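Asks: Once you've had a glance at the structure underneath, I'll fire off some questions.
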Amino acid sequence: PANHTSSPPSAPTPPTATPTSTSPAPQAPQPDSTDSASWLVPIGIVAAVLVAIAGLIGLGILITRVIARRRTARQEAQQRRTAQLQRWALGEKTLNATSAALMEFESDVESVYFTRPLLADVTEPLSGVFYTAYGDALSLQIETTPTDDDQISAFVTAANAAQRAFTAANDNALRKARLGVVHGDRKLTPEEKRKLGQARNLVAQALDHANTPELATTAHSKAQELLDEVGVIVPERLATSVVRSIETLHQSALTAGAHQ
């Protein structure tokens, strides 16, 4: 037989390995940053607008409160000033009434000489109190109403005190005249009362426009002498005022007679 040389069996060829893919593994889809930014921008704008609106509202409230406080302060100031003006006006009204009453007394010859002469006598206690209080009130009266409450209160208080003092002094003078009491709290004797009656008649003659100026002057001079004798004190300024009144009265009478 033919010798066949058998070749050794060949080793089995190993299977070809499948090459490993180097491509990355698939990943989950990621959100687009561009889309996120597109949402954030409007939200930021809205937030900023809301903050601005809130700020404007707050500022408006603050301004409104400031305006309201100022308006209230002005109203309160106006009310205080109105009250001050009213109080001052009442004080002036009171003092003016007292001044008018005093002027009425000083211009009335009968009152000055006979019915209440002690009202003009500053040595009479109640009359002295009045003239002091009256002077104090006059010193506090100014042309423009002050803004100081204490100053206004002081004036009003002084005006009221002067009015009360005048009433007391006037009543005292009337009462003592009826009782025949004169300067120094002295009571007239019957003879002095008679002389006082004579003086009263003479003053009436002096004030009678039917009499001549010469007769009027003479009558008034005799009346003053009698008043001095009985102790009726008439301040010089008031006696001078009476003389002027008598002169004016008769001058008017002479002028009227010349035109007839």
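Asks: So, in region 160-193, of the ones that are of a type in the set (S, T, N, Q) and within 24 Å of TRP88 (Cα to Cα), which residue ends up least open to solvent (accessible area, probe 1.4 Å)?
Replies: Residue satisfying both the conditions and the ranking: ASN160.
Asks: Tell me which residues, restricted to region 240-251, are over 12 Å from THR212 (Cα atoms) and either acidic (Asp, Glu) or in contact (Cβ under 8 Å) with a residue 60 or more places away in the chain (or both).
Replies: Start the filter on region 240-251 by keeping residues that are over 12 Å from THR212 (Cα atoms), which leaves 240-245, 248.
Correct list: SER241, VAL242, SER245.
Asks: Just for region 195-245: of the residues that are among the aliphatic types (A, V, I, L, M) and touching an Asp or Glu at 6+ places or on another chain (Cβ under 7 Å), which one is surrounded by the fewest Cβ atoms within 10 Å (Cβ to Cβ)?
Replies: Across region 195-245, the extreme among qualifying residues is ILE233.
Asks: Where the second residue is open to solvent by 70 Å² or more (accessible area, probe 1.4 Å) and not aromatic (Phe, Trp, Tyr) and the first is free of Cβ contacts under 8 Å to residues at least 60 places away in the same chain and part of a loop (DSSP other than H, G, I, E, B) and lies in region 207-225, which pairs have Cβ atoms under 7 Å and are six or more apart or on separate chains?
Replies: Qualifying pairs under 7 Å: ASN211/GLN205.
Asks: Given the conditions (1) within 48 Å of the chain's Cα centre (by Cα); (2) part of a helix (DSSP H, G or I), and given that VAL232 satisfies all but one, which numbered condition is not satisfied?
Replies: For VAL232, the exception is condition (2).
Asks: Turning to a different aspect of this structure: Tell me whether region 126-140 contains one or more residues that are acidic (Asp, Glu), open to solvent by less than 50 Å² (accessible area, probe 1.4 Å) and farther than 21 Å from ILE246 by Cβ.
Replies: Here is the first cut: in region 126-140, the ones acidic (Asp, Glu) are 136.
Applying the additional criterion that residues be open to solvent by less than 50 Å² (accessible area, probe 1.4 Å) yields none.
The answer is no, given that none of the residues of region 126-140 is acidic (Asp, Glu), open to solvent by less than 50 Å² (accessible area, probe 1.4 Å) and farther than 21 Å from ILE246 by Cβ.
Asks: Moving to a separate point now. Which pairs do you get when a residue that is free of Cβ contacts under 8 Å to residues at least 12 places away in the same chain, found in region 105-118, comes within reach of a residue that is of a type outside the set (Lys, Arg) and open to solvent by less than 10 Å² (accessible area, probe 1.4 Å), reach meaning Cβ atoms under 8 angstrom, with the pair 6+ apart or on two chains?
Replies: Listed by first residue and then by second, the contacts come to SER111/PHE105; SER111/LEU119.
Asks: Something else now. Condition first: touching a strand residue (DSSP E or B) at 6+ places or on another chain (Cβ under 9 Å) and over 23 Å from SER221 (Cβ atoms). Can you find one or more residues in region 130-137 that meet it?
Replies: So far as region 130-137 goes, no, none of its residues is touching a strand residue (DSSP E or B) at 6+ places or on another chain (Cβ under 9 Å) and over 23 Å from SER221 (Cβ atoms).
Asks: Does region 39-53 contain at least one residue that is more than 29 Å from SER153 (Cα to Cα), of a type in the set (Phe, Trp, Tyr) and either part of a helix (DSSP H, G or I) or open to solvent by 100 Å² or more (accessible area, probe 1.4 Å) (or both)?
Replies: yes
Asks: Separate question: Take THR157 and tell me if it is surrounded by fewer than 17 Cβ atoms within 10 Å (Cβ to Cβ), polar (S, T, N, Q), out of contact with any Cys (no Cβ under 7 Å at 6 or more places or on another chain) and not in a helix (DSSP H, G or I).
Replies: Judged against the criteria, THR157 is not a match.
Asks: So THR144 fits all but one of (1) within 13 Å of the chain's Cα centre (by Cα); (2) open to solvent by less than 30 Å² (accessible area, probe 1.4 Å); what number is the exception?
Replies: Evaluating THR144 over (1) within 13 Å of the chain's Cα centre (by Cα); (2) open to solvent by less than 30 Å² (accessible area, probe 1.4 Å) leaves (2) as the failure.
The values are calculated or read from the model by the stated rules, or taken from the named source; none is laboratory data. Please read these numbers as outputs of a predicted model, since none were measured by experiment. Note that we place each Cβ from the backbone using ideal geometry, even for glycine, and neighbour counts take in every protein chain shown. The area values use the complete protein model at the heavy-atom level, side chains included, leaving out ligands, DNA and RNA. Shrake-Rupley method; radii C 1.70, N 1.55, O 1.52, S 1.80 Å.
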